[in-house]
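Notes follow once the structure below has been shown.
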Amino acid sequence: MRKLLRFLKGYRAVSILGTLFKFSEAIGELIVPLVVARIIDVGIDGGNSSYVWKMGGVLIGLGLVGLLFAVTAQYMAARASQGFGTNLRGSLYRHIHSLSLSDIDRFGASGLLTRINSDSIQTQMGVAMFIRLVLRAPFLVVGSLVMAISISPKISIIFLVTALAVGLILWLVMTRTSPYYRKIQNNLDDISLLTRESLAGARVVRAFSGSKQEQNDFFVSADSLKRKSVKANALAALLNPLTYAVINIAVIAVLYFGGKTVYAGNLSQGDVIALVNYLSQILLALVVTANLAVTFTKAAASAARINQVFDTQPKITDTATECPAPVDGSPKLAFENVSFSYYEGGKNALKEIGFALNGGETLGIIGSTGSGKSTVVNLIPRFYDASEGAVRIDGIDVKEYPARDLRKKIGLVPQKAVLFSGTLRENLLYGNPNADDQTLWNALDAAQALDFVQKLPDGLDSRVSRGGRNFSGGQRQRLTVARALAAQPEILILDDSSSALDYATEAKMRHAIETLPFHPAVVLVSQRAFSLSHADKILVLDDGNAAGYGTHDELLKTCEVYREICNSQTKGAEQMKEAGK
C-alpha cells in the first residue's frame, strides 16, 4: 500500500489537515470524562447546580466543536481518497496501455478490469479510513491509558491487560483473513472473465442452447467466491464479540476494584465514572481499529495486485527519440530471416521467414489455421519483437523507430472488426485526427462503404453503438478498412478483413486500393486463394515455415501446400454449384 501513496500527489495537504482535524476531535473526547467527573464530584456531590449547568455548557461546546472537526475531516478524507482513486486509475490505465501484448495476455483482460475497478476501490477506501482513523483511534487508546494512569495507576493495569488482549485478537484475525481476501480478488477475476465471455458470445451460447452450461460454470465460480467470502467474514466477525467480551470483563473489573477503592477513600465516584468512560473510549477505539484492520487487509491485498501491474515493465520498450531517415533503394517492408516465439524457450511460431515488399505492391499471405499468418502481421507494427532476424521498414529496423512514428506509417485492419461507441466520423478519424470530410468520403468509397453510409440519416455523424452492433459484419469490416485508409498509411495490413464480403465487393475494394493516390504497400492475409491470386507475391505458411513464395502461377507449379489449398477451394466451389443445380 505504501508504494501507492504517491498517487496522493496534489492532495497531501488535505490529507494532513483531515488527519489533524480528527486528532483534534480525539483530544476533545479525552477531555469529556474529566468534565463529567468534575460535574459528579463538585456539582452533584457538592449540591452546586450552577456549576452543573456551567460544565454542562462546556460539554455541549465540546460536542459542537467535535462535530465541526469531524465533518471537516470527513470532507477532506473524501476529497483526498477520491482524488487518490482518480490518480491511481488514470496511471494504471496509462501503464496498461504501455505494456506489450504479451504482458497484457499474462494478466488477461478480466484481471486488468478487476484491478482498475474493484481493487482500486478497495485501496481508495483504505486511504479514506487511514486519513480518518489512523491517528484518532490509536491516540484515543493511548490517551485513555495515560489518563487512566493519572487517575489510578493500580486500576490502569486492567487497561494495559485489556489493550494487549484486544491487540492479540486483532493480530490473529488479520493474519488469518489476509490470505482469503487475496483469493477473493483473484476469484473476482474468474467471475469477470466468465461474465465477459458469456455476454460477448451470447449469440453462440443461445444458438447451441448452452445457457445451462454457462450458468453452471458461473455458479461454480460464484460458489467458490461465496465460500471464501464466508470464511473471511466469519473470521472477521469474531472481532466485535471477542473485543466486546474482553472490554466488558474489563469494565466489571474496573467497577469492582474501583468500588473498593472508593470505599477505602482513595478514589472519588467521579474518578470511577471517568475510568469507565475511558474504558468505553478504548472499547470504541479498538472496535474501530478492528474494522480498520479488516479494511486495511483488503486494501493491502488489492494494492499488492495493483503493484503487480505497475511492477511489470513492458518487454517492448520505446527507446528511439527521432524517426530515422529512409535508406535509399530499400524496400518499403522486409523480413530478414525472422523467427519468433511467443514464450521464451517455447516452440517457434515463425521460422526464418524472409520477403521484401515495395510501395504500391501487394503481398498475399495464406496458410492453414495456426500457420502463423497473424503472427507475421503482429511483428510489423512491433506488437511483438522478433526472436531472431529483423523486420525493416524503409531499410530501418522497426526497433529503431519511435512507436508513434512507426505506427503512423501503418494502417492495420484486424481480423475482428472493432468499432468504438460514438459517431462514424470519430471512428474514421481515429488514425488521422486531421483528416477532412473529403478524405473520409474517399476512404469510404475505396472501402466500398460509401453506398450504405450515404443512406444513413446523419451520414458521418451517425451513431455507432458499442462494438458497432448496429452494423452488419460486412459493414463493420468495410468501415474498419475505411478507417485505415483515412490515415493514408505507407503500409496497409488487411488481416483477413474481407471474410464477410462477397467476391464481387472484395474485388471492387481490391481494385480501389490498387488505384489509391498514395500507393501503400499492401499486406493481405486471407484464407481464400482467389483473394490473393492478383498479388505481386504470395507467402505460403505451413506451421510457421515458409512453404512457398512467389506469384500465383509460380506457386501452383512449385508449392504443394498452395496447390492443395487452391484445389480444395475449387472443389468446394464446384460442389456448391452442383448442389445449387
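The values are calculated or read from the model by the stated rules, or taken from the named source; none is laboratory data. Worth saying up front: this structure is predicted, and the values here are computed from it rather than measured. Here Cβ is always computed from backbone atoms with ideal geometry, including for glycine, and neighbour counts include all displayed protein chains. All accessible areas refer to the heavy atoms of the entire protein, side chains included, with ligands and DNA or RNA removed. Shrake-Rupley method; radii C 1.70, N 1.55, O 1.52, S 1.80 Å.
Quick one: pull the percent of accessible area on the chain belonging to carbon and sulfur, 1.4 Å probe, ligands and nucleic acids left out.
The computed percentage sits at 58.
Work out the charge dipole of region 269-348 with +1 on the Cβ of Lys and Arg and -1 on the Cβ of Asp and Glu about the Cα centre, then indicate which of S341, T317, L283 is farthest towards its positive end.
Checking the options against the dipole of region 269-348, the answer is L283.
Taking the mean number of other Cβ atoms within 10 Å as a proxy for protection, how do you rank 349-361, 522-534 from highest to lowest?
For the peptides 349-361, 522-534, the packing ranking is 522-534, 349-361.
Could you give the distance between the Cα centres of region 118-168 and region 476-492, to the whole Å?
So the two Cα centres are separated by 63 Å.
Please give the FRET efficiency for Q527 paired with V71, using the beta carbon to beta carbon distance and R0 = 51 Å, rounded to the nearest 0.05.
That pair, Q527 with V71, gives E of 0.15.
Determine the shape class of region 316-371: with a ≥ b ≥ c the square roots of the Cα gyration tensor eigenvalues, call it rounded for a/c under 1.5, and otherwise prolate if a/b is greater than b/c, oblate otherwise.
oblate
With each label point set 7 Å from Cα along the Cα-Cβ vector, what nm distance links E388 and D461?
Here the modelled spin labels are 5.8 nm apart.
At each listed q (0.14 Å⁻¹), what is the log10 of I(q)/I(0) that the Debye formula gives for region 53-128 modelled as equal alpha-carbon point scatterers?
Log10 I(q)/I(0), no solvent term: -0.60.
How large is the dipole of the chain about the Cα centre if only Lys and Arg carry +1 and Asp and Glu carry -1, each at its Cβ, rounded to the nearest 20 debye?
2340
From Cα coordinates alone, what are the radius of gyration and Dmax values for region 444-581 in angstrom?
Rg then Dmax for region 444-581, in Å: 17.3, 53.
If the cut-off is 26 Å between C-alpha atoms, which lysines fall inside it for K154, apart from same-chain ones fewer than 8 positions away?
Here the lysines satisfying the reach criterion relative to K154 are K260.
Quick one: angle between helix 49-98 and the longest Cα principal axis of the chain, in degrees between 0 and 90, rounded to 10, please.
20
Work out, step by step, the length gained on full extension between K212 and T321: first 0.36 nm times the residue separation, then minus their alpha carbon distance; give nm to one decimal.
33.8 nm
Could the peptides 151-164, 505-518 be put in order, highest first, of the mean number of other beta-carbon atoms found within 10 Å of their residues?
Final packing ranking: 151-164, 505-518.
Any idea which of Q269, A245, V230 is furthest toward the positive side of the dipole for the chain, if Lys and Arg beta-carbons carry +1 and Asp and Glu beta-carbons -1?
Q269
I'd like the FRET efficiency for I27 and I157, computed as 1/(1 + (r/R0)^6) with the beta carbon distance as r and R0 of 35 Å, rounded to 0.05.
Here the calculated transfer efficiency is 0.90.
Could you work out the local net charge near A320, counting Lys and Arg as +1, Asp and Glu as -1, over the other residues with Cβ closer than 15 Å to its Cβ?
Residues near A320 contribute 0 overall.
Given points 7 Å out from each Cα along the Cα-Cβ axis, report the E554 to Q454 separation in nanometres with one decimal.
In this crude label model, E554 to Q454 measures out at 4.1 nm.
Give me the dipole magnitude in Debye, nearest 20, for region 425-464 about the Cα centre, with unit charges on the beta carbon: positive for Lys and Arg, negative for Asp and Glu.
Taking the Cα centre of region 425-464 as origin, the dipole is about 120 debye.
In Å², what does the accessible area per residue of the chain work out to with a 1.4 Å probe?
51
Determine the relative contact order of the chain: mean sequence separation of Cα pairs under 8 Å and six or more apart, normalised by residue count, in whole percent.
Rounded, it is 14 percent for the chain.
Report, to the nearest 10°, how far helix 503-514 tilts away from the longest principal axis of the Cα atoms in the chain, using its own Cα long axis and a range of 0 to 90°.
Orientation of helix 503-514: about 90 degrees from the principal axis.
Given region 474-559, what percent of its DSSP beta bridges are antiparallel, to the nearest 5?
That works out to approximately 50 percent antiparallel.
Among the lysines, select those whose C-alpha is under 27 Å from the C-alpha of K351, and discard any that sit fewer than 8 residues away in the same chain.
Counting by Cα, and skipping residues close in sequence, K351 has these lysines nearby: K315, K332, K373, K399, K409, K416, K537, K557.
Give me the orientation-averaged projected area of the Cα convex hull of region 328-439, in nm², one decimal.
9.1
Rounded to the nearest 20 debye, what is the charge dipole size of region 419-510 about its Cα centre when +1 sits on each Lys and Arg Cβ and -1 on each Asp and Glu Cβ?
300
On a C-alpha basis, how far is the centre of region 266-314 from the centre of region 541-573 in Å? Whole number, if you could?
Computed from Cα coordinates, the inter-centre distance equals 71 Å.
Mind checking the full-extension length gain between N337 and Q569? Use 0.36 nm per residue of separation minus the Cα-Cα distance, one decimal, nm.
Between N337 and Q569, full extension yields an extra 80.5 nm.
Name the lysines eligible as straight-distance cross-link partners of K455: C-alpha to C-alpha under 20 Å, and not fewer than 8 places from it in the same chain.
Cα-Cα hits under 20 Å: K508.
Once you place label points 7 Å from the Cα toward the Cβ at S224 and R2, how far apart are they in nm?
3.3
How tilted is helix 239-264 with respect to the longest principal axis of the chain? Cα atoms for both, answer in degrees (0 to 90, nearest 10).
Approximately 10 degrees, to the nearest ten.
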